[in-house]
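The values are calculated or read from the model by the stated rules, or taken from the named source; none is laboratory data. Just so we're clear, the structure is a prediction, and the values are computed from it rather than from any experiment. For neighbour counting, all protein chains shown are included, and Cβ atoms are generated from backbone atoms with ideal geometry for every residue, glycine included.
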Amino acid sequence: MTKETLSQLRISDYMDMIEEIGPEFATRAAARNDSDEFVADNFADLRERKFFSAMVPHELGGGGVAHSEMCAIIRRIAHYCPSTALTLSMHQHLIAANRYNYHNGNPGQALLEKVVADELILVSTGASDWLNSSGEMTKVEGGYLVNAKKGFASGSVAGHIFIMSSCYNDPKEGWQVLHFPIPKSAEGVSIEENWQAMGMRNTGSHMAVFEDVFVPEEAIGLKRPRGEYHPVWNVILTVAMPLIMSAYVGIAEAAADIVRDSAQQRTKNHKLDGHLPYLFGEMENSLITAQVMHKNMVAITNDFEFTPSTKMASDILAHKTVVANAVTDTTTKAIEASGGFGYLRVTPIERFFRDSFASQFHPLHEKKQHSFTGRLSMGLEPVEVPEFD
């Protein structure tokens, strides 16, 4: 496939490529089930086919895929390899935030063009960078030195640029959080390969370590008060969560597909267990809940045609909680309805079950989301601002 052809791809072309490479992804996923090995070969296949620049606008040289279409891409990849789908979503939500900024006259174009030029992979440290962020920055001539450890940095071994934040105690303004990119090739950056998890074992979500890494002043993209809810999250959450949850809806669909097919084969040759239709009914209800609520999330983002607000961010977070619970309910019922074979590692269902529970740990966790949404409903600020020494 030529470079010119790749620049003219449509969503159907991307979906066709997934069906071409997906079965091999599934084979690799099964082989890696007992290891913590990163999906490097899958990422190489996706990179060769320009999936990492797929959502960059056409006019900047990217694939021009819409947000809703990227959600469909991630969702389908999850049927074959959940770890690949989830790690791809981490890159794509950074693309999405920068694309929204680009469309609305804010900085974002330069990063998008860098991605297109070399099919770069972006790494989010977002799990360590919520309102309080982490790490510490020291002011030096021309910029800052960053010292931080950022866990859950999915795809860090394959990534090229970290999109991150850290904390700076400004002499005049007090504690601030500064946002900036850092190339993985920068001096002082290393990866502590410590990712050993129950599920999503192959996302390579290792600890990224930054030791006296220099960040030039001009690289600072945002400065915000530490611990306070900032309007930037109204954009980030709205574009990010539908992409991330796409992977989990795909997992639930894949688990349900396997159990359905197995049950249909069994009922041809065996007497039907009277309780099974109830289990399957419960599974289908949970799956439909996940699908419908995720569809609502994608609609809220509306292919970047939205006006950000804290209420919208709260709605997205509430949807995320419902989708996550429905996904884990679906995979739980899939194992139960399988009659036991789904508990065995010889089938993907056991892996899908474990992978699905990672959905609970993306910001915001369920109880934090309840508090966020509840406070907003009561006319309060969505979070209580902590005090820092």
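Annotation note: of Asp303, Asp315, the sole residue that is surrounded by fewer than 21 Cβ atoms within 10 Å (Cβ to Cβ), at positive phi and either out of contact with any Leu (no Cβ under 7 Å at 6 or more places or on another chain) or part of a helix (DSSP H, G or I) (or both) is Asp303.
So, Lys367, is that one at pLDDT 95 or above, closer than 16 Å to Val239 by Cβ, out of contact with any Asp or Glu (no Cβ under 6 Å at 6 or more places or on another chain) and not acidic (Asp, Glu) or not? No, not satisfied.
Scanning region 10-34 for residues that are polar (S, T, N, Q) and either part of a helix (DSSP H, G or I) or more than 21 Å from the chain's Cα centre (by Cα) (or both) yields Ser12, Thr27. Name the single residue that is farthest from Gly199 (Cα to Cα) among those in region 322-332 being surrounded by 24 or more Cβ atoms within 10 Å (Cβ to Cβ) and not small (Gly, Ala, Ser). Per the criteria, the residue is Val323.
Considering only residues in region 246-269 that are among the hydroxyl-bearing types (Ser, Thr, Tyr) and within 13 Å of the chain's Cα centre (by Cα), the one that is surrounded by the most Cβ atoms within 10 Å (Cβ to Cβ) turns out to be Tyr248. Against the test of being over 27 Å from Tyr343 (Cβ atoms) and surrounded by fewer than 16 Cβ atoms within 10 Å (Cβ to Cβ), the options Leu272, Leu222, Leu243, Leu237 yield a single qualifying residue, Leu222.
For region 18-45, the set of residues classified as charged (D, E, K, R) and either within 17 Å of Ser154 (Cα to Cα) or exposed (fewer than 14 other Cβ atoms within 10 Å of the Cβ) (or both) consists of Glu19, Glu20, Arg32, Asp34, Asp36, Glu37, Asp41, listed by residue number. Restricting Gly155, Gly199, Gly143, Gly135 to residues that are buried (at least 16 other Cβ atoms within 10 Å of the Cβ), closer than 23 Å to Val115 by Cβ and touching a residue at least 60 places away in the same chain (Cβ under 8 Å) narrows the list to Gly155.
From the set of residues in region 51-82 that are within 18 Å of Val323 (Cα to Cα) and of a type in the set (Gly, Ala, Ser), which is nearest to the chain's Cα centre (by Cα)? That would be Ala78. Name every residue in region 84-141 that is farther than 23 Å from Ala158 by Cα, at pLDDT below 95 and of a type in the set (Ser, Thr, Tyr), in order of residue number. Of everything in region 84-141, nothing turns out to be farther than 23 Å from Ala158 by Cα, at pLDDT below 95 and of a type in the set (Ser, Thr, Tyr). Among the residues of region 197-208, those that are farther than 14 Å from Gly159 by Cβ, aliphatic (A, V, I, L, M) and touching a Ser or Thr at 6+ places or on another chain (Cβ under 8 Å) comprise Ala197, Met200. When Asn194 is tested against (1) part of a loop (DSSP other than H, G, I, E, B); (2) in contact with a Ser or Thr (Cβ under 9 Å, 6 or more places away or on another chain), just one condition goes unmet, and that condition is (2).
Total residues in region 95-111 satisfying the condition of being surrounded by fewer than 22 Cβ atoms within 10 Å (Cβ to Cβ) and touching a Ser or Thr at 6+ places or on another chain (Cβ under 9 Å): the figure is 1. State whether the residues of region 337-360 include one that is in a loop (DSSP other than H, G, I, E, B), at positive phi and either buried (at least 17 other Cβ atoms within 10 Å of the Cβ) or over 20 Å from the mean Cα position of the chain (by Cα) (or both). There is at least one residue in region 337-360 that is in a loop (DSSP other than H, G, I, E, B), at positive phi and either buried (at least 17 other Cβ atoms within 10 Å of the Cβ) or over 20 Å from the mean Cα position of the chain (by Cα) (or both).
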